[in-house]
Amino acid sequence: MKLLIKQGHLVDPANNIDGVHDVYIASGKIAGIGNKPDGFKATKTIDAKNQIVIPGIVDLCVRLREPGQEYKGTIASETAAAAAGGITTVCVPPDTDPCIDTTAVAELIHQRATAAANCHVFTQAALTQGLEGELLSEMATLKTQANCVGVSNGLKPVENILVMRRAMEYAASCDMTVFLHAEDPGLSNNGCAHEGVMSTRLGLPAIPESAETAAVSRDLMLIEQTGVRAHFSHISSANALHMIAQAKQQGLPVSVDVSIHHLHLTDLDIGFFDSNCHVIPPLRSQRDKQGLQQGLKQNSIDVLCSDHQPHCADAKLAPFSATEPGISGLETLLPLSLRLVDDNILDLKTLIHKLTVAPAKILGIDAGHLSINAAADICIYNPATNWTVNPEQFTSTGHNTPFTDWELQAKVSHTLLDGKIVYQSES
Amino acid sequence: MKQTDIQFDQNGLLRHFLTIDGLKRNILVDILDTAENFATVGTQQVKKVPLLRGKTIVNLFFESSTRTRTTFELAAKRLSADVLNINIDTSSTSKGESLLDMLRNLEAMHCDMFVVRHHQSGAAHFIAQHVSPHISVINAGDGQHAHPTQAMLDMFTIRRHKKDFTKLRVAIIGDIMHSRVARSEIHALNTLGVPEIRVIAPNTLIPPATDSMGVHVYHDMEQGLKDVDVVMMLRLQHERMQGALLPSEHEYFETYGLTSKKLKLAKADAIVMHPGPINRGVEIESAVADGPQSVILEQVTNGIAIRMAVMSMTLGRQKSPEGNAT
């Protein structure tokens, strides 16, 4: 099939393109940008006039819930949600059930993702066996035989610092990136809300900022010592971001992402116990939100991600601290990110860079750009469609979002995966 | 404010009583005045008024309690309501039934009010959000969040002794961090116009943003007690030695226990309060707890009147539409 995307405004930071160009697609690959390849005859044309055409989004942290928690979501349902959000590549943390500490689990996920054919799915291998923080997983095997793109211990902190050192040393010798969830479990002490005005007022068990900064500081020491390539996931506090930015400046091989909800919400949004605002790491103070936005401005945040965690309704129907943390975020990632451009925090090209080529680079994969002969993974969105978030209309089976009733601009109209249309909006 | 709306019905009348946070002064005064009317019922030969005849009130206690549960029960009975006591220790809820399922079952038995005590902050709000429209919910203590009827009975006791809130200096001493009573008291005292509220405790027992609630933090009890009109003690849970919050009960009593000697620093007519149950020799000396300035037992008696007031206001809305509009 030969596909022509006509008259769209193309934004491809990797190739420094920002302008109206036709995109020619043949055999699932980009055949031409602007210039029609010889003998190209489109079998289908997408009119992208007044629309923006970008590389398909690469999301660093997406839980598909399969295997283990299929009542919350499946590989088929959540990759379809990714497609609806303009996301063509997702990276799955290892905390499935069973976790990804054997090649069998990784292969199962890859097979089912291939069958669903909505989105490319990459997996992170468990850093320690059973994510228990004691014994190293078979990282080398998981990399070479199951194509895992990094190692991580999910949301479970590795408490034993010696184990962490060894895991980093071993990952470094496997040439694998370690993805880190920065949390000191002693300091977070089973808390569920940021330690501040709201936790004090509502009497909620609190997680201090130091639970994050202490963990970041510990891990930075070990990164420096072991030389491992490391990525800090979903940093939530301004101070932790500052520490990582400084380390990066000093030449440490570190990168960092922030979840989109931490750039839009604070602990005040919990109001009177809104369980949709229960996330880990917690929504922090206004000062932190501004600090993260500032960090985005100064380019100290490499990547924005959804930190997608779909839940069934029951998971959020309990008193706040008894609910499960997480937000179903795939379908709001792009419009919420674009809002940051409207707010003049960063320009469109820089934003698209942080949603596409930057995360692809961290995963070490060839994605996130529209070069000739690259896979035709493309997102087309209408920048001027106003819509109101209604989780009932999500493709994801997880309807848990704190953004219900938010007025957003920009809606994905088409998502292409290897040149095939995997999502097309109704309107 | 969307957040406090849940406490009111569409006519602006108090439907649930979950927290004092966000309630206006006139509502609190209304509760105190109504309680004043009920205070005499307990002293009459026939200790009953027929206000809530035919109504069924369920005391749903997920946490053990003697004083609060019995005063709620007495209050309901003096209003002629039928009372059902359900004590659920946490082990039986771990059988798998969710809180919501349990509520649906109780609703199916046509109850009119839930009085809820639960170990998780926000539990009463959660229940109020999910009950059918004809049911009222009263928070009898949720986690570390709120205990609004306790705070109101304390206000009632203070008003009886001190009349004017706007001239008072009040000190709250002890485990503010884990205390739902302290949080509700602070909101109530602020709303009623108390100009100076002090909290006295070591840093480990004071949440970090406490000053944002409109109080002054003291670590030195002798400084904190100086010239106060009301001394409100909090109970120290024995498990606070765990988690490295305090070294020992002995040291706590030495530094933050209320003794006759320390009480002399307060105004000569200062009253001493405690929500109970008291730990003699831990947070308070017996001589003070049983002394002339102590109003601890009055608090218990006043608890019945306050709970009658709140129950009749929330459940008796249809009958007396004037009264407590926002």
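Kindly evaluate A:ASP307 against the criterion of being under 30 Å from A:ALA247 (Cβ atoms), within 12 Å of the chain's Cα centre (by Cα) and modelled with pLDDT of 95 or more.
On the way: under 30 Å from A:ALA247 (Cβ atoms): yes; within 12 Å of the chain's Cα centre (by Cα): yes; modelled with pLDDT of 95 or more: yes.
It is true that A:ASP307 is under 30 Å from A:ALA247 (Cβ atoms), within 12 Å of the chain's Cα centre (by Cα) and modelled with pLDDT of 95 or more.
For segment A:34-59, give me each residue that is under 26 Å from A:LEU346 (Cα atoms) and part of a strand (DSSP E or B).
Within segment A:34-59, A:ILE52, A:VAL53, A:ILE54, A:PRO55, A:ILE57, A:VAL58, A:ASP59 meet the criteria.
Hey, can you tell me all the residues within segment A:379-412 that are among the hydroxyl-bearing types (Ser, Thr, Tyr) and farther than 20 Å from A:HIS353 by Cα?
Step one: list which residues in segment A:379-412 are among the hydroxyl-bearing types (Ser, Thr, Tyr), which gives A:381, A:385, A:388, A:395-397, A:401, A:404.
Residues satisfying the conditions are A:THR385, A:THR388, A:THR395, A:SER396, A:THR397, A:THR401, A:THR404.
Would segment B:155-166 turn up any residue that is within 14 Å of chain A (Cβ to nearest Cβ), touching a residue at least 60 places away in the same chain (Cβ under 8 Å) and either surrounded by fewer than 19 Cβ atoms within 10 Å (Cβ to Cβ) or among the hydroxyl-bearing types (Ser, Thr, Tyr) (or both)?
no
Listed residues B:ASP220, B:ASP229, B:ASP211; which is among the acidic types (Asp, Glu), within 14 Å of chain A (Cβ to nearest Cβ) and surrounded by fewer than 21 Cβ atoms within 10 Å (Cβ to Cβ)? Please lay out each step first, then the result.
Details: B:ASP220 fails: within 14 Å of chain A (Cβ to nearest Cβ); B:ASP229 fails: within 14 Å of chain A (Cβ to nearest Cβ).
Unique residue meeting the criteria: B:ASP211.
Filter segment A:264-284 for residues that are surrounded by fewer than 23 Cβ atoms within 10 Å (Cβ to Cβ) and more than 14 Å from chain B (Cβ to nearest Cβ) and give the result.
A:HIS264, A:LEU265, A:ILE280
Six or more apart or on different chains, Cβ atoms under 8 Å: show the pairs whose first residue is in segment A:72-87 and over 8 Å from A:THR397 (Cα atoms) and whose second is in a helix (DSSP H, G or I) and β-branched (Val, Ile, Thr).
Once the first residue is over 8 Å from A:THR397 (Cα atoms) and sits in segment A:72-87, its partners that are in a helix (DSSP H, G or I) and β-branched (Val, Ile, Thr) give A:ILE75/A:ILE109; A:GLY85/A:THR332.
How many residues, within segment A:190-218, are more than 14 Å from chain B (Cβ to nearest Cβ), surrounded by fewer than 24 Cβ atoms within 10 Å (Cβ to Cβ) and not hydrophobic (A, V, I, L, M, F, W, C)?
Of the residues in segment A:190-218, 3 are more than 14 Å from chain B (Cβ to nearest Cβ), surrounded by fewer than 24 Cβ atoms within 10 Å (Cβ to Cβ) and not hydrophobic (A, V, I, L, M, F, W, C).
Taking only segment A:285-317 into account, find how many residues are in contact (Cβ under 8 Å) with a residue 60 or more places away in the chain and either within 13 Å of another protein chain (Cβ to nearest Cβ) or assigned to a loop (DSSP other than H, G, I, E, B) (or both).
Step one: filter segment A:285-317 for residues in contact (Cβ under 8 Å) with a residue 60 or more places away in the chain, giving A:285, A:288, A:301-303, A:305-313, A:315-316.
Those still in the list that are either within 13 Å of another protein chain (Cβ to nearest Cβ) or assigned to a loop (DSSP other than H, G, I, E, B) (or both) too: A:285, A:301-302, A:306-307, A:309-313, A:315-316.
Total satisfying the criteria: 12.
If I go through segment B:105-130 residue by residue, how many of them are of a type in the set (A, V, I, L, M) and either within 8 Å of another protein chain (Cβ to nearest Cβ) or part of a strand (DSSP E or B) (or both)? Can you show your working first?
From segment B:105-130, those of a type in the set (A, V, I, L, M) are B:106, B:108-109, B:113, B:115-116, B:123-124, B:127-128; that's our starting set.
Among the residues that remain, those that are also either within 8 Å of another protein chain (Cβ to nearest Cβ) or part of a strand (DSSP E or B) (or both) are: B:113, B:115-116, B:123.
Number satisfying all stated conditions: 4.
Counting only residues that are farther than 13 Å from A:GLN51 by Cβ and either surrounded by 22 or more Cβ atoms within 10 Å (Cβ to Cβ) or out of contact with any helix residue (DSSP H, G or I) (no Cβ under 6 Å at 6 or more places or on another chain) (or both), how many does segment A:1-17 have?
The first filter runs over segment A:1-17 and keeps only residues farther than 13 Å from A:GLN51 by Cβ, leaving A:1-4, A:12-17.
Going one step further and asking which of them are either surrounded by 22 or more Cβ atoms within 10 Å (Cβ to Cβ) or out of contact with any helix residue (DSSP H, G or I) (no Cβ under 6 Å at 6 or more places or on another chain) (or both), we end up with A:1-4, A:12-13, A:15-17.
The number of residues fulfilling the criteria is 9.
Just to be sure I understand the filter: pairs with C-beta atoms under 6 Å, separated by 6 or more residues or on different chains, first member in segment A:318-330 and modelled with pLDDT of 95 or more, second member among the aromatic types (Phe, Trp, Tyr) and in a loop (DSSP other than H, G, I, E, B). Which pairs pass?
A:PHE320/A:PHE273
Let's see how each residue does on (1) modelled with pLDDT under 95; (2) within 23 Å of the chain's Cα centre (by Cα):
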| residue | (1), (2) |
| --- | --- |
| B:LYS48 | yes, no |
| B:ASN85 | yes, yes |
| B:MET113 | no, yes |
| B:GLN120 | yes, yes |
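Would it be correct to say that B:SER184 is surrounded by 24 or more Cβ atoms within 10 Å (Cβ to Cβ), in contact with a Ser or Thr (Cβ under 9 Å, 6 or more places away or on another chain) and within 14 Å of another protein chain (Cβ to nearest Cβ)? Even if it seems obvious, please write down each step before you answer.
Numbers: surrounded by 24 or more Cβ atoms within 10 Å (Cβ to Cβ): yes; in contact with a Ser or Thr (Cβ under 9 Å, 6 or more places away or on another chain): yes; within 14 Å of another protein chain (Cβ to nearest Cβ): yes.
When the stated conditions are applied, B:SER184 passes them.
Tell me, which residue of segment B:237-280 that is modelled with pLDDT of 90 or more and of a type in the set (S, T, N, Q) is farthest from B:ARG160 (Cα to Cα)?
It comes out as B:SER248.
I'm told A:LEU187 meets every condition in (1) in contact with a helix residue (DSSP H, G or I) (Cβ under 8 Å, 6 or more places away or on another chain); (2) away from chain B (no Cβ under 14 Å); (3) not aromatic (Phe, Trp, Tyr) except one. Can you identify the failing condition by its number?
(2)
Going through B:LEU51, B:LEU23 one at a time, which residue ends up being in contact with a Leu (Cβ under 7 Å, 6 or more places away or on another chain), part of a loop (DSSP other than H, G, I, E, B) and buried (at least 17 other Cβ atoms within 10 Å of the Cβ)?
Working: B:LEU23 fails: in contact with a Leu (Cβ under 7 Å, 6 or more places away or on another chain).
Of the residues listed, the single one that is in contact with a Leu (Cβ under 7 Å, 6 or more places away or on another chain), part of a loop (DSSP other than H, G, I, E, B) and buried (at least 17 other Cβ atoms within 10 Å of the Cβ) is B:LEU51.
Looking for something part of a helix (DSSP H, G or I) and crowded, with 23+ Cβ neighbours inside 10 Å - is there at least one such residue anywhere in segment A:143-163? Even if it seems obvious, please write down each step before you answer.
So the first thing to find is which residues in segment A:143-163 are part of a helix (DSSP H, G or I), and the list is A:143-144, A:161-163.
Imposing the further condition that a residue be crowded, with 23+ Cβ neighbours inside 10 Å reduces the set to none.
There is no residue in segment A:143-163 that is part of a helix (DSSP H, G or I) and crowded, with 23+ Cβ neighbours inside 10 Å.
The values are calculated or read from the model by the stated rules, or taken from the named source; none is laboratory data. These numbers come from a predicted model, not from an experiment. Don't worry about glycine lacking a Cβ; one is built from the backbone with ideal geometry, like all the others, and counts go over all protein chains shown.
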